[in-house]
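Quick notes on the structure that follows.
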Amino acid sequence: MRIGLLTEGGYPYATGESRLWCDRLVRGLARHDFDVYALSRSARQEDAGWIPLPPQVRRVRTAPLWGPQEDWLGGSGRHAVRAYGRRERRRFTTCFAELATAVCRTPDAVPDAGTGTGCATAFADGLYGLADLAREHGGLAAALRSETAVRVLESACRAGGVRRGVHGATLPDHLAFADRVERALRPLSLDWYGEDGLGAVDLCHAASGGSAALPGLLAKRFFGVPLLVTEYGVHLRTHYLTVADAPVSAPVRTLLAAFQNLLTAEVYRRADVLTPGNTHARRWQERCGADRAKLRTVHPGMAADRFAAVGESGDGGDPRTLVWVGRIEPAKDLVGLLHAFAEVRREEPAARLRIVCAPVRDAESATYRTHCEALAAQLFPDEAADAHTVGDNPVSFEDLGGPYAPDVTDAYAGAGVVVLSSVVEGFPVGLVEAMLCGRATVSTDVGAVVEAVGGTGLVVPPRNPRALADACLALLRDPARRERLGAAARARALELFTVEQNVAAFRGIYLELISRAPVHREADAVGADGEPLPFAHPAEAYVAGHWTGRGPGGGTPAWAAAPQPVSTGPAPGGPVLAGAQAPAAEAPVADVPAAAAPATDTAAAAHEPAGGAGLVVASLPVAASFPVAGRVDGHV
C-alpha cells in the first residue's frame, strides 16, 4: 500500500510535535510505502534538518508556511506569481467572497444555518472553488494578498449579521488577516496534486488537522483518495491557546478563530476516519462537529523496551522520595507542588522532592524556573545535622542529562512516588513513562490523566496543594500499596500504550479504509492497447506483504500485466526526493531493498508452457472488477 503522510511542523524534521510518533509508525509498517508531504513552520526548523529516514519512505516533498511568498513560489507553487486575467479575477472574487462571508458572519445570520450548516457550506464552496482555480490557473497566493482580496474582506466585515468582534476591523486588520489566510491556504497552490503526486497514493494520512489536512482534502476531491486524520493534540484547541498571546488585534483574533473553526469542521466532515489520541481530544472533535461513527481512539505508543530494566527490576526506588519529571513552565504548577511538599515535610520530615527538568526553551520558562527555585529556598532553608556539616535542601532541581539524572529512566528509578501537578495537560506522556517503570503515581485531574492512569494511581483536583499532599503522604506511608499500584500501572501501560499496539491499530485502519474505498485509476486498469486488464485490482493487492506484487507504480500482478519489451540495460531504481525549492530535481532518499521489487508469480511461471511468449489467449472485455471481493463480472 502507498501512503501519503501529511505533516505540519513535524516529521521528517528533527524538531516538531509529530516527529516521534510518525517515525515509529513508518518504521513499524515496513511493508507499506510512504510518500511524505511536509509543511515547515520556521527557518529554524528547516535548518535543523531531518531525522534519518527508513527505506520505506520513497519520496519527501516539503513547502514552508512561513516567510514571504517570493521565497517559495518558485519552488512548490504552481504558476503562483502570474497575474489573473479578467475571467480569473471574477472567479477569484466570487470564491473568496464566499469564504470571507462565512468567516465574518455569525452562523444564525445565514438562512439555513440552524446548526451552522449555511456557513459551513459557503466556506466549503469558497475553499474548493479557490482550490480548483489554483489547480487550473495558479496565481492563488498572489491573489490572496492582492487589493481585490482586501476589498472583498472589507465588504464582508461591513455586511449585516457579522460577528460582534469584527465590527471594528480596520484596514491594517484586513491586511493582517489576509496575510494569515494566505499562509494557511498555501497548500492549495502547491504542485503536489498530480498523477505522480498525491494522485498516486492509496491513502492520505494527516498527522494533524488544519493546514496539514488541506492536501488530503484536495486529494480526496480530485482523485477520490481516502483521508485519515490523527490528532494527539487538537489543532483547533492549540490555535485557541496560542492566538490569545499573538500580537494581533481583537478583530483579527476573531476572524482567525472563525476561519480555523470552519476549516476544522470541514476536515472532520470530509475525513473518512478520525483517530484522536485520547478521550479528551475525542470530546473536542465531537464538539467541533465530528461524526461519532468516524471516531476511533488510538492511544500514542511508547517504547516500552526502554523502561523494561527499571520496570522489571523489582526495586521500588527510594521510599522517601517524590519525583517530578518534565519541562518547567507555568502550566505545570510547580508552585502548587512546592506548597504541597511543605505539607508533606510537616508530616514526614525525611521526605525529599526531586524536580528533574528538561532543557529550558524560552525566556518565560527560564523566569519561571528561577521563581520556583527562589520559592523552594524560602520554604525549605538549608538544613544541617550539626554545626560542622554543610546544609542540605530537601528540594533539588536537576537537569535531565546531568550527573544525577543522565536519562529519564534514572530519574524514575530513584522515585518512590512520581508526581504530576499540572493545571493544563494533553496526554501525560511522562505519567505513562512512570507507569512503564512500575511506579505508583499521584496526579491532578486534567486532560487525559484519568484515562491514562485508570485505577492504578491516585488522582486529585488541580490547584489543590492540600489534596496533593494528602495523596503523597498516603503512598509514602504504605509500601505495600505502592507496590500493588506500581505493578498494576505497568501492566496497564503495556496493554494500552506501546508502539506495537499503536502500529497494529493503524495497520488495521489502513486496510479497512482501502477495502471500503479503493482508489481506481484508469492507467492501472487499461493496457497499452486500450483494452481493460483482467484482475487489474485483485483483493490481495491491498494486503500488506512483499508477495502481493504491489509496487510504488501500480497494483497489477505480473501475470496480469500487459507484455513489456525486454530490456538488457540496468533498470532505474531508488526513491525520489523533491525539495521545496526545486521540485524538478530529484535525489534518492535511500536504496530500495530487493524485497521491495514487485514479486513475480512463481506459480504462473511454473505452469507456463515452453514458448509461452508466443502463446495467444483470446478473451472478451471484462465489465467490472471488485477489488475487495476479488471477483470479476464478465466472461473471459
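Derivation of every value follows stated rules applied to the coordinates shown; laboratory data play no part. Bear in mind the structure is a predicted one, so any value in this text is a computation, not a measurement. Cβ: placed from backbone, ideal geometry, glycine included. Neighbour counts: every protein chain shown.
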Query raised in the report: Expressed as a rounded percentage, what relative contact order does segment 406-529 have, with Cα pairs under 8 Å and six or more residues apart?
Result: 23
Query raised in the report: Which ³J(HN,Hα) values in Hz, rounded to whole numbers, follow from the phi angles of segment 446-458 under the Karplus curve 6.51 cos²θ - 1.76 cosθ + 1.60, where θ = phi - 60° and Gly and Pro get x?
Result: 9, x, 9, 5, 4, 4, 6, 6, x, x, 9, x, 9
Report summary line: Between Thr94 and Asp407, the FRET efficiency computed from the C-beta separation at R0 = 60 Å comes out, to the nearest 0.05, as 0.55
**Report entry** In Hz, Karplus ³J(HN,Hα) per residue of segment 182-191 (6.51, -1.76, 1.60; θ = phi - 60°; x = Gly, Pro)
**Finding:** 4, 5, 5, 9, 4, x, 5, 9, 7, 9
**Report entry** Label point distance in nm, Arg86-Glu500, each placed 7 Å from Cα along Cα→Cβ
**Finding:** 7.0
Query raised in the report: Roughly speaking, what is the stretch gain from Ala363 to Arg164, that is 0.36 nm per residue apart minus the C-alpha to C-alpha distance, in nm to one decimal?
Result: 68.1 nm
Query raised in the report: What is the gain in length, in nm to one decimal, between Arg477 and Leu241 on full extension, counting 0.36 nm per residue of separation less the C-alpha to C-alpha distance?
Result: 81.0 nm
Requested in this report: Provide the FRET efficiency to the nearest 0.05 for the Glu512-Arg269 pair, computing r from the beta carbons and using R0 = 25 Å.
Outcome: 0.80
Query raised in the report: R0 = 35 Å: FRET efficiency of Asp318 with Arg27, Cβ-based, nearest 0.05?
Result: 0.45
Report task. In nm, give the distance between the simple-model label positions of Ala303 and Arg283, each being 7 Å from the Cα along the Cα-to-Cβ direction. Result -> 3.3
Report task. Within 10 Å, count the other beta carbons around each residue, average over each peptide in 176-186, 144-154, and list them highest first. Result -> 176-186, 144-154
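Working out 0.36 nm times the residue gap between Arg44 and Leu295, then minus their Cα-Cα distance, what length gain in nm do you get to one decimal? If you can, show how the numbers build up before the last one.
Numbers: separation 251, 0.36 × 251 = 90.36 nm, distance 3.48 nm.
Difference between extended and current length: 86.9 nm.
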Report task. Average the reciprocal distances over every distinct pair of alpha-carbons in segment 195-353, invert the result, and give the Kirkwood radius in Å. Result -> 19.5
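By average Cβ neighbour count within 10 Å, what is the ranking of 498-507, 335-344 from highest down? Working shown, then result.
Details: 498-507: 18.0, 335-344: 20.8.
Packing order, densest peptide first, comes out as 335-344, 498-507.
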Report task. Please report the Cα spread of segment 143-248 along all three principal axes, rounded to whole Å, starting with the longest. Result -> 47, 32, 25
Report task. Would you give the gap between the C-alpha center of segment 1-70 and the C-alpha center of segment 396-412, rounded to a whole Å? Result -> 30
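Can you compute the equivalent ellipsoid semi-axes for segment 327-431, i.e. the square root of 5 times each eigenvalue of the Cα gyration tensor, sorted largest first and rounded to whole Å?
Details: eigenvalues 108, 51, 45 Å².
In descending order, the three semi-axes are 23, 16, 15 Å.
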